[in-house]
Amino acid sequence: MHPLFDTVLPRHATDSTKWSAYPADVLPMWIADMDFGAAPVILDGIRERLAHPALGYAVATQAWRAEVVAYLQRQYGWAVDEAALVPLPGVVPGCNMALAALAPPGKPVVVKVPNYPPLRLAAAHWGLEQREVLLRPQADGQWQCDPAQLASALRGASTLLLSNPHNPVGKAYSREALLELGQLCEQENVMIVSDEIHADLLFDGRRHVPIASLDPAISARTITLMAASKAYNIAGLKTAFAVITDPALRKRFQQGHKGLVDSVNVLGLEATRIALGQAQPWLAELLAYLQGNRDWLLAALTERLPGIRMLSPEATYLAWLDCRALGLENPQKHFVQHGRVAFSAGTDFGEAGQGFVRLNFGCPRALLEEGVARMARALE
Ligand SMILES: Cc1ncc(COP(=O)(O)O)c(C=O)c1O
């Protein structure tokens, strides 16, 4: 019994998006937030901050910047200046700001699919054409797109929206793959918006590689979007940051707020600083627990529900389940109606998600076991 991660927290009748979207008898395993408390060190830090009663508009202090810079160096071997950091109220607003600032009308944006809905739908907010490149599972269990299709999509495009690690398939890009991708973008003069929100959720000893860390020329055309929100489970504090090493690019990006993207949450800034500076031991325990959940889930599905195919994710606490062999018209609906368990519908991630569901295994093992039992019941 793990004292932190095996405890089932009652989240009904809280303000949780995840736990209020369905009737109370439905087990929610959809949106990417974990059913664990935040690290005690973060909660203590927030309490301490509240000892001062003023909660006015907040600014990223020099101490905050120094903590984030030290983290990027320690975690990814990535040396950046404090000035490169732009605090944001979320990765999704940052992604839209980037498109508003950088993507000219008439030039397409490239996105790999299936993809996290707000990334897949961002180009449309700005009236931009989108080219989608399909990720396919390979025989070795890796998700890849056709290199020729990717190269042709990037030709004449303005921007690549990269998700690394990739939601929903859990792909963690290798250094070599990223270098090749970055060089291709350079060759085609394509800007890169790299959503790296799941960066600290890699399994099996893998290390995350920020694409901008590979080469100054790639960095000069990249806006990296990061947050402590996924790995440290503080998404509701709505705090993220961009890393933009090129001063001119940073200036252009900041002009892209269009009056829509506001300043950062005062408690979110503090929680981010503490997460990156002091919560690593908690993160290491979390990763071991999540990896155990991932492996348990894969074994349980293989043994008990062979009609569902799961490729073991390299990162994230999300499992992309191929339910096509079950012959259900709408697997997500079927599992809610007949099993009282709610996953994300595959089609939310694009046409390529037809016949898939996304399961969130960031929860106590007991809930995961219950989720699988409910799936099995729905298929009886
Ligand atoms: C790939 C990806 N990007 C961004 C987000 C959300 O970011 P934010 O809440 O900071 O806007 C999520 C949340 O699930 C995500 O999976």
### Query
When only the heavy atoms of the protein chains count and the probe is 1.4 Å, how do R206, R175 rank by accessible area, highest first?
R175, R206
### Task
For the chain, with all protein chains present and a 1.4 Å probe, just round the carbon and sulfur fraction of the accessible area to a whole percent.
53 percent
### Task
Using a 1.4 angstrom probe, figure out how much accessible area the chain has per residue, in square angstrom, rounded to the nearest whole.
42 Å²
### Query
Based on the inverse mean of 1/r over its pairs of different Cα atoms, what is the Kirkwood hydrodynamic radius of the chain, in Å?
21.4 Å
#### Entry: Selection of GluC sites (Glu not before Pro), the range 186-263, meeting DSSP coil and at most 12 other Cβ within 10 Å
none
### Message
Please give the Cα centre distance for the range 207-233 versus the range 277-300, rounded to the nearest Å.
### Response
22 Å
### Projected-area mean, the range 7-107, by convex hull of Cα positions, square nanometres
11.3 nm²
#### Entry: Inter-part distance where the range 40-65 and the range 308-380 are each reduced to a Cα centre, Å
38 Å
### Task
With unit charges on the beta carbon (Lys/Arg positive, Asp/Glu negative), name the residue among A39, V266, I211 whose Cα is farthest towards the positive pole of the charge dipole of the chain.
V266
### Query
Under the Karplus relation 6.51 cos²θ - 1.76 cosθ + 1.60, θ = phi - 60°, what is the ordered set of whole-Hz ³J(HN,Hα) values for the range 22-27, x standing for Gly and Pro?
10, x, 4, 8, 9, 7
#### Entry: Net +/- balance of residues flanking A54 in space, Cβ distance below 15 Å, scoring K and R +1, D and E -1
-1
### Whole-Å semi-axes of the ellipsoid equivalent to the range 52-278 (Cα gyration tensor, √5λ, descending)
27, 20, 16
### Message
Given a 1.4 Å probe and heavy atoms of the protein chains only, how would you sort D200, D215, largest accessible area at the top?
### Response
D215, D200
### Task
Give the percent of DSSP beta bridges with both residues in the range 52-278 that are antiparallel, rounded to the nearest 5.
40 percent
### Message
Can you work out the Karplus-derived ³J(HN,Hα) for every residue in the range 191-196? Use 6.51 cos²θ - 1.76 cosθ + 1.60 with θ = phi - 60°, whole Hz, and x for glycine or proline.
### Response
7, 10, 10, 10, 7, 10
### Task
Count charges around H198 for me, please; just the other residues with Cβ under 11 Å from its Cβ, Lys/Arg as +1, Asp/Glu as -1.
-2
### Task
List, in order, the whole-Hz ³J(HN,Hα) value for each residue of the range 168-184 obtained from phi through the Karplus relation with A = 6.51, B = -1.76, C = 1.60 and θ = phi - 60°; use x for Gly and Pro.
x, 8, x, 7, 9, 5, 7, 4, 5, 5, 5, 5, 4, 5, x, 5, 5
### Task
Report the local net charge at I274: Lys and Arg +1, Asp and Glu -1, summed over other residues whose C-beta lies under 13 Å from its C-beta.
-1
#### Entry: Loop-resident sites, the range 52-110, for chymotrypsin sites (Phe, Trp or Tyr not before Pro), counting at most 13 other Cβ within 10 Å (DSSP)
Y57
### Message
Using only DSSP helix segments of four residues or longer, with each worth -39500 (n - 2.57), what per-residue ellipticity at 222 nm results for the chain after dividing by its residue count and rounding to 500?
### Response
-11000 deg cm²/dmol
### Query
Pick from Q142, Q280, Q187: which is most flexible by mean-square fluctuation in a GNM of the chain where alpha carbon atoms under 10 Å apart are linked?
Q187
### Message
Based on the alpha carbons, how large is the Rg to Rh ratio for the range 292-380 when Rh follows Kirkwood?
### Response
0.92
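The values are calculated or read from the model by the stated rules, or taken from the named source; none is laboratory data. From a predicted model like this one, the values you see are computed outputs, not experimental measurements. In this analysis, Cβ positions are derived from the backbone assuming ideal geometry, glycine residues included, and neighbour counts consider all displayed protein chains. In case anyone asks, the SASA skips ligands and DNA or RNA and just uses the protein heavy atoms, side chains included. Shrake-Rupley method; radii C 1.70, N 1.55, O 1.52, S 1.80 Å.
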